[in-house]
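The values are calculated or read from the model by the stated rules, or taken from the named source; none is laboratory data. Keep in mind that this is a model prediction, so the values were computed, not measured. Cβ: placed from backbone, ideal geometry, glycine included. Neighbour counts: every protein chain shown.
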Amino acid sequence: MTLRSILALCSGAGASLALLTTAASPSLAAPVCTFLAPIGGSGTSPVVSKSVGRGKLIGKTNWNTDFVVDKPYNSYKFFFTANSSDSGAKYPVEGFMKFTDGSSLQVINQSMNPPIGTGRMFGPFPAIPGKQASQMNFKVGASSDPGALGFSYRISVQGCL
């Protein structure tokens with residue numbers, strides 16, 4: 001139904017005003033999203049660029065990237081873009097919401113083979129009632145697939161009000 005047909009059904013200025021007031025309601029407005037800062041980043045960009053390396057026997061891999069949640073948001077969006085790719089390789093992509101009580105919730109668990117330059121948005125994922133998010137975690141790792149080594153990508157996360 002078009003706006004014109006709705007207005008035709010409504011009679012009188014009061015009904016038209018009520019309709020316009022409802023249409024302008026903030027609950028119907030598009031969410032305002034802000035990039036979250038990566039933990040340990042340079043502070044100059046909310047977008048993190050990485051390459052998939054081999055697993056390590058000693059020390060940490062760079063597969064996990066945390067983004068700080070600086071205030072309560074209504075939802076979260078995860079963004080992923082391939083900078084390089086091997087046409088036959090699969091890349092495990094995981095995303096987690098981490099909470100102040102130490103718990104976490106996995107929201108992404110996929111194996112991807114993205115073409116170079118292809119971006120993907122995951123979400124929006126709604127905030128969990130009764131839980132305060134502290135971090136959003138993105139994990140892009142090497143699998144048992146040798147073609148996945150050296151894969152480079154960009155990631156970022158947004159919080160939306």
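For the reader, a short list of remarks on this structure follows.
- Given (1) of a type in the set (Val, Ile, Thr); (2) modelled with pLDDT of 70 or more; (3) surrounded by 11 or more Cβ atoms within 10 Å (Cβ to Cβ), number of the condition Thr44 does not satisfy: (3)
Every residue, every condition in (1) at pLDDT 95 or above; (2) not in a strand (DSSP E or B), yes or no:
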position: Pro72; (1), (2): yes, yes
position: Ser85; (1), (2): no, yes
position: Gly88; (1), (2): no, yes
position: Met97; (1), (2): yes, no
position: Pro114; (1), (2): no, yes
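- Taking the criterion of being assigned to a loop (DSSP other than H, G, I, E, B), over 22 Å from Ser152 (Cα atoms) and touching a strand residue (DSSP E or B) at 6+ places or on another chain (Cβ under 9 Å), the residues of the range 116-140 that qualify are Ala127, Ile128, Lys131, Gln132.
- Answer residue from the range 79-119, given it is over 28 Å from Ser134 (Cα atoms) and of a type in the set (A, V, I, L, M) and is surrounded by the fewest Cβ atoms within 10 Å (Cβ to Cβ) among those: Ile116
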